[in-house]
Amino acid sequence: MRIISIANQKGGCGKTTTSINLAAALAANQRKVLLIDLDPQAHATSGLNIKSDLSIYNVLSKIVHKHCKIDEIIKNIELNFDIAPSSLVLSTLEQELSGEIGRESRLCDTLNNFKNNYDYVLIDCPPNLGILTINALRAASEIIIPVEASRFSLEGLSQLTSIVNLVKERLNHAVDFKVLVTNFDSRLRHSFKMLEKIKDDYRSKMLPSIIHVNVKLKEAQNEGLNIFSYDKYCRGAKDYFSLAREIITQENTPVPTLALEKTLAKRMKEILKENLPKLNTVTLTLKAPDAQEVYLAGEFNNWKLDDSSRMEKTNGCWTKSLNLGNGKYRYRFVVDGNWMEDTNNPLRQLNTYGTHDSLLEINK
């Protein structure tokens with residue numbers, strides 16, 4: 001079970017939007033997800049039209065009239081997607097825990113004793129660096145920090161990373177953080193300038209996915225729906241689906257024993273020797289002299305955006321060579337965060353979002 005906290009003490013950065021829609025996207029990818037709303041403002045709870053007399057406060061508090069186990073408060077949203085709701089009374093927990101020993105580990109202890117079959121637990125943190133946020137960081141093994149392309153967001157990011165280091169030193173708990181650029185407006189030159197600044201400061205910690213400004217995301221929240229239930233073909237849905245796929249590709253696999261590792265390595269060499277002569281080298285080209293960064297994503301690399309899918313720029317043209325076997329492959333270019341077809345390729349195929357992917361046919 002992967003526990004991921006979504007935190008940023010700065011409001012308006014898309015923290016709750018990311019919590020809700022990443023959870024929905026993971027569920028759409030056949031992962032069972034629990035979203036814990038740890039924000040006393042209960043935006044994730046209200047944003048999914050959940051009403052409940054019980055909340056996460058009934059689980060974490062020791063003085064509450066009705067104490068509950070976490071599985072007693074969970075509400076189902078849709079297939080593979082559950083929520084542990086919040087309420088305003090959760091704001092009193094900060095004062096309640098102020099004098100307790102081990103107050104930073106209350107949520108961690110709760111989840112350690114939680115017998116479940118969830119693949120992911122996402123924690124929507126409050127917009128501050130108080131004891132609730134510390135509990136979320138202590139309980140998680142990973143943090144996603146949503147950040148707008150603005151100066152003030154960068155300053156807030158620096159503060160939060162300091163808290164992450166403090167948790168590591170004081171509580172002996174290392175947690176890996178990743179930066180997610182949100183509310184990105186590709187129409188503004190300033191957005192690209194700040195994006196480059198974030199990349200310079202946090203390149204090794206950045207998630208390749210970018211969440212663009214999309215009015216449908218706000219409309220979905222107003223209707224109490226996740227973006228996939230509201231409009232699965234909009235830009236916001238595509239962005240969060242890509243983010244979910246990226247998270248899924250990081251899932252851990254069992255580490256083989258040394259003997260098995262040697263056997264696998266030997267067999268892999270044999271397979272490569274048998275199949276490499278059958279592969280075809282294909283080079284794709286895109287003319288985009290003003291682009292800052294271009295990726296090639298498709299069925300041949302599970303639509304991943306990473307260093308291996310980055311295209312090389314020469315005299316205004318971006319190129320990428322692939323070794324592919326015979327078959328059909330859907331693909332797209334990602335130019336400065338914008339997904340687009342290959343206009344030089346007349347072959348294309350309708351995708352599930354109502355747009356078209358370019359189609360590469362190899363039969364040699």
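The values are calculated or read from the model by the stated rules, or taken from the named source; none is laboratory data. As the structure is a computational prediction, the values presented were derived from the model and not from experiment. As a convention, Cβ positions derive from the backbone with ideal geometry for all residues, glycine included, and neighbour counts pool all protein chains shown.
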Item to check | Pick from the stretch 337-357, criterion charged (D, E, K, R) and in a strand (DSSP E or B), ranking: surrounded by the fewest Cβ atoms within 10 Å (Cβ to Cβ) | outcome: 348
Checklist entry - When the stretch 218-245 is examined, which residues are found to be closer than 22 Å to residue 299 by Cβ and touching a residue at least 60 places away in the same chain (Cβ under 8 Å)? => result 228, 232, 233, 237, 238, 240, 241, 242, 243, 244, 245
Next on the checklist: For the stretch 171-200, give me the residue count where each residue is acidic (Asp, Glu) and closer than 24 Å to residue 137 by Cβ.
Outcome noted: 1
Checklist entry - For the stretch 294-309, how many residues are within 18 Å of residue 281 (Cβ to Cβ) and crowded, with 16+ Cβ neighbours inside 10 Å? => result 5
Checklist entry - If you check residue 304 against the conditions, is it charged (D, E, K, R) and at pLDDT 90 or above? => result no
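Within the stretch 279-314, how many residues are touching a residue at least 12 places away in the same chain (Cβ under 8 Å) and over 18 Å from residue 196 (Cβ atoms)?
Count: 19.
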Checklist entry - Is at least one residue of the stretch 87-109 closer than 25 Å to residue 227 by Cα, modelled with pLDDT of 85 or more, assigned by TED's automatic domain parsing to the domain that holds residue 29 and acidic (Asp, Glu)? => result no
Checklist entry - Going through the stretch 83-112 one residue at a time, which ones are more than 16 Å from residue 35 (Cα to Cα) and either in a loop (DSSP other than H, G, I, E, B) or in contact with a Gly (Cβ under 7 Å, 6 or more places away or on another chain) (or both)? => result 94, 98, 99, 100, 101, 102
Item to check | Residues located in the stretch 318-329, provided they are surrounded by fewer than 14 Cβ atoms within 10 Å (Cβ to Cβ) and assigned to a strand (DSSP E or B) | outcome: 321, 323, 327, 328
